[in-house]
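K.L.:
Quick one: the structure is below, questions incoming.
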Amino acid sequence: MENENKRQYYYRLFEGYPDVVDTETVREMLGGIGIGTVWKLIRGNHLKHIHYLEQCFLVPKEWLIDYILSDHYTNYKQNLSVQV
């Protein structure tokens, strides 16, 4: 599937979610991965995010889709027990 077609697929898949989501919603959108895995992605700067409060991070849906289409996710998802 071409990258632009994939992007449109994820826009449709995530259309019920708000434009900016918290880490709990990110884990849900990534297929139910653990919250620790989300934190690793954020701390490793693999998932672009907004540092909102001390321990609160927000991720625009656009940035989450960018991550899903990235080479890091392509390689990383092979080690995950769940995936989008």
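K.L.:
Which of (1) at pLDDT below 95; (2) in contact with a strand residue (DSSP E or B) (Cβ under 7 Å, 6 or more places away or on another chain); (3) not in a helix (DSSP H, G or I) is the odd one out, the single condition residue 31 does not satisfy?
P.N.:
The one condition residue 31 does not meet is (2).
K.L.:
Are any of the residues in the range 21-39 within 13 Å of the chain's Cα centre (by Cα) and on the phi > 0 side of the Ramachandran plot?
P.N.:
Yes.
K.L.:
Does residue 41 qualify as being surrounded by 17 or more Cβ atoms within 10 Å (Cβ to Cβ), hydrophobic (A, V, I, L, M, F, W, C), modelled with pLDDT of 90 or more and in a helix (DSSP H, G or I)? Explain how you work it out, then say what you get.
P.N.:
Working: surrounded by 17 or more Cβ atoms within 10 Å (Cβ to Cβ): yes; hydrophobic (A, V, I, L, M, F, W, C): yes; modelled with pLDDT of 90 or more: yes; in a helix (DSSP H, G or I): yes.
Yes: the conditions hold for residue 41.
K.L.:
Let me ask you something else. When you go through 9, 17, 73, 52 one by one, which is the residue that is outside any loop (DSSP other than H, G, I, E, B) and open to solvent by less than 80 Å² (accessible area, probe 1.4 Å)?
P.N.:
Just a single option satisfies the conditions, and that option is 73.
K.L.:
Based on this model, can you work out whether residue 64 counts as open to solvent by less than 50 Å² (accessible area, probe 1.4 Å), within 21 Å of residue 3 (Cα to Cα), part of a helix (DSSP H, G or I) and aliphatic (A, V, I, L, M)?
P.N.:
For residue 64, the condition - open to solvent by less than 50 Å² (accessible area, probe 1.4 Å), within 21 Å of residue 3 (Cα to Cα), part of a helix (DSSP H, G or I) and aliphatic (A, V, I, L, M) - is met.
The values are calculated or read from the model by the stated rules, or taken from the named source; none is laboratory data. Bear in mind the structure is a predicted one, so any value in this text is a computation, not a measurement. Cβ atoms come from the backbone with ideal geometry, glycine included; neighbour counts cover every protein chain shown. Quick note on the areas: whole protein, heavy atoms, side chains included, nothing else; ligands and nucleic acids left out. Shrake-Rupley method; radii C 1.70, N 1.55, O 1.52, S 1.80 Å.
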